[in-house]
Structures are given as C-alpha cells and as structure tokens.
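Laboratory data are not the source of any read-out in this text; all were calculated from the coordinates shown. This structure is a prediction, so every number in the text was calculated from the model and none was measured. Note that we place each Cβ from the backbone using ideal geometry, even for glycine, and neighbour counts take in every protein chain shown.
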Amino acid sequence: MTMFQSTPENFEIEDVQVELASEKDFPAARELFQQGLLEGHIRNNDTGADIDNIHDAYFNDDGASGFWVAKHGGTVIGMIAVQQTADDAAEVRRLRVRDEYRRRGVGTLLMKQALSFCQRQGYLKVILDVRIERGPAIALFEKFGFLLARTRDLDGRKLLEFYVDLYREPEE
C-alpha cells in the first residue's frame, strides 16, 4: 500500500510547500528512499541508516543539519537533507522526488531550501554525490553551480562527486 494520495493532475508548483520534516513525514520519506533505489539496491557505500533514523541523523546536532519534505495537497512528494560534515562544510543528501512529480520544479525548490540553509549556517563548501545514471539530477546540480570534483567507480558504476563553494559577503 502506498502512502501517497496526491496526484499530479492540475499540479501547480506554487501549491508545493517545503517544510522541515516531522515524525509523521518519516514513513513517506522512507518510502521515497526505497522508490529511488537504483534497481532496488542500496549502494555499498550507503547503508541507508540515516533514513531508518531520520531524527538522530538530521535533528540531533543543534540545528547544524536538517531534513525537509516537499508537500502537495498535504502529501509528501519530495525530500532533501543537509548533513554537517565539518564546521564550515555540509553534504546535500537524499534528494528524491516522486516519479510523477519529476521535472516540474520540485527538485529546484528542495535544492533552494538546502542551499539557503547552508548559507544561513555559514557553510562554505557543500558536497554531494550521484550516480552517473541520474542525468536530470546532475543537470539540476549544475544549474545550482555544482562542479564535478571527481568520478569514482563503485559497484561497477560511475559515482560522480560534486561540490559548490558558498562565499559569504564581507561583513561591514
């Protein structure tokens, strides 16, 4: 049984709300994570433990990390997370959009939320990785100024690592 009830008919991006996830959103986030697995498999370098315990992974570090959901008609249709990796750096993780809502601006809204959060936190560098098969996601990251740092071979597939440097305006 699916947890999703919203349909993309008459979809307007203006009707999408992006908000911090709450406990009631966690089951839908887990379902989105499962749907986003390539061929149903978790990568060797990814245990999925953060999705099993979203609260501890993203809400247990005094606001240095976060996990957001995109909702349409009260239904979770997308998600994104930011996890602090160093005092001045973070990783964007778990960007997922429900299949029928892809390429409609939901990923852009989620990425704006994540990068805005990173800027407010004072992070200077943001990283993420993605499998080479995720062409639309790669295009989204490049749209936001992410640059390819390196390509690694993982499980016989190419994993692309991206970064973007966020610079603060000098304080007067």
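Quick notes on this structure:
- For the chain, the Kirkwood radius over C-alpha pairs fed into Stokes-Einstein at 4 °C and 1.567 mPa s yields D = 78 µm² per second.
- Normalised contact order of the chain, rounded percent, pairs of Cα under 8 Å and 6 or more residues apart: 18 percent
- When the alpha carbon gyration tensor of the range 92-152 is reduced to an equivalent ellipsoid, its three semi-axes come out at 19, 16, 9 angstrom, largest first.
- Sequentially through the range 59-69, phi angles give Karplus couplings (6.51, -1.76, 1.60; θ = phi - 60°) of 10, 10, 10, 6, x, 6, 10, x, 9, 10, 10 Hz, Gly and Pro residues having no value and appearing as x.
- Per-residue 3J(HN,Hα) values for the range 125-131, derived from phi via the Karplus relation 6.51 cos²θ - 1.76 cosθ + 1.60 with θ = phi - 60°, read 9, 10, 10, 6, 9, 7, 6 Hz in sequence order (x marks Gly and Pro).
- Under 5 Å from the amide H of Leu95 lie the amide H atoms of Ala81, each residue being 5 or more positions distant or on a separate chain, with H modelled from the backbone and absent for Pro and chain starts.
- Sorting Glu100, Glu91 from the fewest to the most surrounding beta carbons within 10 angstrom yields Glu100, Glu91.
- Less than 5 angstrom separates the built amide H of Ala21 from those of Phe67, Trp68, Val69, all sequence-distant by 5 or more or on a different chain.
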